[in-house]
Amino acid sequence: MKRKITTSTVLLLIITLVLSGSTFACTDIVVGKNASTDGSVITSHTVDGRYDSRIQIIPAQDHKAGTMAPVYENIVYADHKDLVKLGEIPEVEHTYKYFHGAYPYANEHQLIIGETTIVGAPETANSDEAIMTIEQLEVFALQRCKTAREAVKLMGKLAEEYGFRESCYRGECLTVTDPNEAWVFEVFGVGPMWTKDSGKPGAVWAAKKVPDGHITVVPNISRIGEIPENHADMEDILVSDNYKETAVELGIYDETESKFFWNKVYGDMDNHPWEPGCSNRLWRVYNELAPSGNWKFENAHNYPFSVKPDKKVSIHDVIALFRDTNKNTKHDVTEQDGWFYENSKGEKVKSNLATPQVAGDMIELLDLNNYRPIARYYCSYFFVSQARSWLPDEIGGVVWFGLDNPENSPFIPMYVGIEDVPTSWKTLNRDKFDRDSAWWAFAQVDDFVNLRYGELREKVDSVLNPMQNHIFELQDQIEEKAMILNITEDQDAVKELLTNHTNSLMHWTENRYWKLADELYYEINNNNN
């Protein structure tokens, strides 16, 4: 359909285009249980931008009748900004233990959630009366739900009742998983005129189940397509009752049209400003996991919601994709002409400065054509998770967690049964260099390697690859020990074992990266030649 263009629409589109150059650009890869090698349900998240990377484990709690739960803004920036209370909602009698970060991501029942901001129709921008940010919705889902389907319904209900508070005129997507199902949940506001007293829903939302044998990826664009007329009779799709009525009221949908495409109406696909980075990530994942599809980069917006992979996908495969920088593809920025020069022998050679982690000034200076890869230097933290139905929750749910750039940092198994992490992983001050914060160890290595990538990449790999392989090798051993303890019904011993294992790996990797940073600094120091 053709959107009715108004002055306010043009203004909001301009704002969206300007803001699209920011680092609000996360990637989620999802794998259904029958598409994974071991039956895991997998989701993931690169938290790209300056966000709170501290790990906080919020314990389960009981609450007295009549207690109210606060609703906050700035959860994503809580390491350097004060929380702002926007309102409150009735508390429930019991809340579950969950893992809190910029975007809260897991609970004790193997409910695990990834997040990625998606571009939306500017007309959906809500009024200040809307209070439910996406991260606050995650908090409530993790505190109150055991399954992905239950979480989707609760978040949709809360967004409708209290209004979805958009950021930067965009929608939001959550990839919600449990040991049996994976869902893609998308939510948008209903326009700046909404008030809670209007009696109308303060959000529109839709959720689509990833088929058990499929994979999908959400790279900052809406992935839910057609909403069938008979959706109420379908088990794999959920949608708010007001989705069509609201679109008509906002002037972004003509009700005479025979079909309703969610990603075109609310996801604003025809006016999408984030190319080519989103298409590249979508193309890369589909091309790697289902190459038989012969995916054309230029047609990425028309890819199906999900696909069956050519072979089953392991947790290692998804981690490898999170390290991806377009190497050996036509979009490898390190192979572009700007990095090459003629040496004293008249040979054309690549500079050791050539790196896939390019910022705007380098792109302009060398006239590079940059296709944003999955792994980025401005990532705050990242994870790839497993939810496994055949294991007790404490052992079955594992979040492979890391700090800074996933290309250059290890993934550490953080089981949902653990009770604590090292203090340095709970500490963050991005405004000054801090050796008491683990984040700085990994960030420093990433900074140094990208100063002379051609020379130092191999040195980082010589540390990172054996380290990561050793961590992988320990997984079966530690889980076998945990299961023996579980059989004896010694749950405290299970939690202690897993906590000690995760903590020892975090201490080891952090300490080795502080040392590696010193080694790299020696290499780049211009007085050591």
Review point. Could you state the number of Å between the C-alpha centres of segment 243-319 and segment 380-444?
Key: 29 Å
Study note, to complete from the structure: Karplus-derived 3J(HN,Hα) from phi for segment 37-47 (6.51 cos²θ - 1.76 cosθ + 1.60, θ = phi - 60°), whole Hz, x at Gly and Pro, runs 5, 10, x, 5, 9, 10, 10, 6, 6, 9, 8
Check your understanding: Residue separation times 0.36 nm, minus the C-alpha to C-alpha distance between Gln56 and Ile89: what's the value?
Key -> 9.6 nm
Point to revise | Cβ charges +1 (Lys, Arg) and -1 (Asp, Glu), total dipole of the chain, debye | key: 820 debye
Point to revise | Dipole of segment 40-177, positive end: most advanced residue of Leu158, Thr147, Leu83 [Cβ charges, Cα centre] | key: Thr147
Check your understanding: Structure shown: which of Lys97/Lys264; Lys146/Lys259; Lys264/Lys432; Lys196/Lys259 lie over 32 Å apart, alpha-carbon to alpha-carbon?
Key -> Lys97/Lys264; Lys146/Lys259; Lys264/Lys432
Check your understanding: What is the gain in length, in nm to one decimal, between Asn294 and Lys345 on full extension, counting 0.36 nm per residue of separation less the C-alpha to C-alpha distance?
Key -> 14.2 nm
Review point. Per 5 Å bin, what is the whole-percent P(r) computed from every C-alpha pair distance within segment 391-524?
Key: 2, 10, 19, 20, 16, 13, 9, 6, 3, 1, 0
Revision key, fill the gap. Listed by chain and number, the lysines with an alpha carbon less than 21 angstrom from that of Lys327, same-chain partners under 8 positions apart left out, are Lys296, Lys348, Lys350, Lys459
Review point. Karplus couplings for segment 133-149 from phi (6.51 cos²θ - 1.76 cosθ + 1.60, θ = phi - 60°), rounded to Hz, Gly and Pro as x?
Key: 6, 5, 6, 6, 4, 4, 4, 5, 5, 5, 6, 10, 10, 10, 10, 5, 4
Check your understanding: Relative contact order for segment 391-524 using alpha-carbon pairs under 8 Å, separation at least 6, rounded to a whole percent?
Key -> 33 percent
Exercise for review: Work out the length of the dipole vector of segment 391-524 about its Cα centre, built from +1 on the beta-carbon of each Lys and Arg and -1 on the beta-carbon of each Asp and Glu, and round it to the nearest 20 debye.
Suggested key: 460 debye
Check your understanding: For the chain, max minus min Cα coordinate along each principal axis, in Å, sorted largest first?
Key -> 71, 64, 46
Check your understanding: What's the FRET efficiency of Val248 with Asn527 using the Cβ-Cβ distance as r and R₀ = 51 Å, to the nearest 0.05?
Key -> 0.15
**Study point:** Highest to lowest packing among 351-358, 380-387, 472-479, scored as the average C-beta count within 10 Å
**Key:** 380-387, 351-358, 472-479
Exercise for review: Could you run the Debye sum over the Cα atoms of segment 7-322, one equal point scatterer each and no solvent, and tell me log10 of I(q)/I(0) at q = 0.07, 0.08, 0.14 Å⁻¹, two decimals?
Suggested key: -0.25, -0.33, -1.09
Check your understanding: Rounded to the nearest 5, what % of the DSSP beta bridges within segment 7-322 are antiparallel ones?
Key -> 95 percent
Exercise for review: Quick one: what are the phi-derived ³J(HN,Hα) couplings along segment 486-497, Karplus 6.51/-1.76/1.60 with θ = phi - 60°, whole Hz, x for glycine and proline?
Suggested key: 5, 4, 7, 6, 9, 5, 5, 5, 4, 5, 5, 4
Review point. If amide H atoms are built 1.01 Å from N in the plane of the peptide, which residues on other chains or at least 5 residues away come under 5 Å of the amide H of Glu91?
Key: Thr67, Met68, Ala69
**Study point:** Cα centroid separation - segment 348-377 against segment 501-529, whole Å
**Key:** 24 Å
Point to revise | segment 455-524: C-alpha gyration tensor shape, a/c 1.5 cut-off, then a/b vs b/c | key: oblate
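No value in this document is a laboratory result; all are computed from the given coordinates. None of these values were measured; they are calculated from a predicted model. Backbone-built Cβ (ideal geometry, glycine too); neighbour counts: all protein chains shown.
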